[in-house]
1. Given the conditions (1) under 12 Å from ALA21 (Cα atoms); (2) free of Cβ contacts under 8 Å to residues at least 60 places away in the same chain, which single one is not true for MET81?
2. Any residue at all in region 27-50 that's touching a residue at least 40 places away in the same chain (Cβ under 8 Å), buried (at least 17 other Cβ atoms within 10 Å of the Cβ) and not in a helix (DSSP H, G or I)?
3. Any idea how many residues of region 1-36 are more than 17 Å from the chain's Cα centre (by Cα), of a type in the set (A, V, I, L, M, F, W, C) and over 14 Å from LEU114 (Cα atoms)?
4. On the basis of being under 12 Å from the mean Cα position of the chain (by Cα), among the aromatic types (Phe, Trp, Tyr) and open to solvent by 30 Å² or more (accessible area, probe 1.4 Å), does PHE106 make the cut?
5. Being of a type outside the set (Ser, Thr, Tyr) and more than 21 Å from TYR20 (Cα to Cα) is true for just one of PRO66, PRO51. Which residue is that?
6. Does any residue of region 14-28 turn out to be modelled with pLDDT under 95 and touching a strand residue (DSSP E or B) at 6+ places or on another chain (Cβ under 7 Å)?
7. Could you tell me which residue of region 109-130 is farthest from the chain's Cα centre (by Cα), considering only residues that are of a type in the set (Phe, Trp, Tyr) and open to solvent by 20 Å² or more (accessible area, probe 1.4 Å)?
8. Every residue in region 106-129 that is free of Cβ contacts under 8 Å to residues at least 24 places away in the same chain and of a type in the set (Phe, Trp, Tyr), please.
Amino acid sequence: MGNLVWHDLARFISISASIYAVWSGFHGIFFRKFFWDFVGGTLRDPGGLQPAPGAAVFITLIVKSPIIQILAMIVGAFLVMLEYPLPYLKALSIHRSFVLRIVLLFFQAFLTVLYYQGTNSAIWSLLAIFCYTRAQLLGETMEEAKANRGKGGQA
């Protein structure tokens, strides 16, 4: 058996997490729920669980206006473009950068863990971060992207 290629595994996990982030952002626009509203909330008999007053900022950004969901959709779509690139993106240095992918996946995980529909995307994004970090620590390089370096539009 061969060695596990960590960046390929991370790429597939990242594609899945990013597509799920786009879907969950779209779904979260129509069914808005702040995921962490149960922390410090008050349980009322006719009203159900009401979030704590400290969560007012998140209620504004997630429930009243879906800013977090839209940002998660933008980051997810950019990650899909980065992971499953068009031919002209393969020649760029951002396609070869593991660090950029780790940072974008971290932002995606942070944004999607805030609303209810995005929690699975956050978990898979964290797993992809782990796999990309492991690939970088092992010194892996992207052979396809490495072959496209310096071609100047010939990729």
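1. Against the list (1) under 12 Å from ALA21 (Cα atoms); (2) free of Cβ contacts under 8 Å to residues at least 60 places away in the same chain, MET81 comes up short only on (1).
2. Checked region 27-50: at least one residue is touching a residue at least 40 places away in the same chain (Cβ under 8 Å), buried (at least 17 other Cβ atoms within 10 Å of the Cβ) and not in a helix (DSSP H, G or I).
3. Number of matching residues: 5.
4. Answer is yes for this residue.
5. Numbers: PRO66 fails: more than 21 Å from TYR20 (Cα to Cα).
The conditions single out PRO51.
6. yes
7. TYR116
8. PHE106, PHE110 - these are the residues of region 106-129 that are free of Cβ contacts under 8 Å to residues at least 24 places away in the same chain and of a type in the set (Phe, Trp, Tyr).
The values are calculated or read from the model by the stated rules, or taken from the named source; none is laboratory data. Just so it is clear, the structure is predicted and the values come from calculations on it, not from any experiment. Cβ atoms come from the backbone with ideal geometry, glycine included; neighbour counts cover every protein chain shown. When the accessible area is computed, the model is the full protein with side chains, heavy atoms only, and any ligands, DNA or RNA have been set aside. Shrake-Rupley method; radii C 1.70, N 1.55, O 1.52, S 1.80 Å.
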